[in-house]
Amino acid sequence: MTTPVCTSASNAMTRTLPYPSFSSYVKARQPVLLRTARSLTANPSDAEDLLQTALAKTYVAWERIEDHRALDGYVRRALLNTRTSQWRKRKVDEFVCDELPEPEGTPGADPAEEQALHDAMWRAVMKLPARQRAMVVLRYYEDLSEAQTAEVLGVSIGTVKSAVSRALGKLREDPELEPVRQAS
């Protein structure tokens, strides 16, 4: 007679989530939410971790969320709060190595120019204060309206307008983006 060593693991494999609506929500909205997370971090792996953490927080609060039409806003807020917490707790470890790893090339018009433009833009965006950066990401990368951005961040529409205006002014004045402005 053989008894299973770990009965809880075998039971866990056969159980379903207590909230099937959560599973369907994640399946439907994951690409959009991942894009938001990628806008908030520089590394795609960090974005996936950020989204996973925000979804775990959402899952824990699933019963308390009364209006399931506002789930995107709830998850975006969880993403922003989690990213802010990570930023405050960040610890930078640097390791010296003999060779730098080369990223794999991607086919396209001119990968070097595309990467240079992408890097220059993100360096400029990352120079913005956290609040302005969050508003720019929500307005222009997530394509939210001023009202939606204000609602997600819990501020007035006027605050969004003025902060985004100041952020765009800083981006226009960034000397690193000068070659990009001249090329267009």
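Bear in mind that the values in this text are calculations on the coordinates, not laboratory data. Just so you know, these numbers come straight off a predicted model, no measurement behind them. With ideal geometry, Cβ positions are generated from the backbone for all residues, glycine too; neighbour counts draw on all protein chains shown.
What is the distance in Å between the Cα centroid of the stretch 139-173 and that of the stretch 26-76? Measuring centre to centre over Cα atoms gives 20 Å. Separation of the alpha carbons by more than 31 angstrom is noted, of LYS89/LYS170; LYS57/LYS127; LYS57/LYS170, for LYS57/LYS170. Spacing of the modelled spin labels on ASN43 and GLU99, each 7 Å from Cα toward Cβ, amounts to 2.1 nm. Highest mean packing comes first when the peptides 136-147, 57-68, 119-130 are listed by Cβ atoms within 10 Å, giving 136-147, 119-130, 57-68.
Modelled spin-label separation between ALA56 and ARG88, with each label point placed 7 Å from Cα along the Cα-to-Cβ direction: 1.9 nm. The calculated FRET efficiency for the pair GLU66 and ASP110, based on their C-beta separation and a Förster distance of 41 Å, comes to about 0.25.
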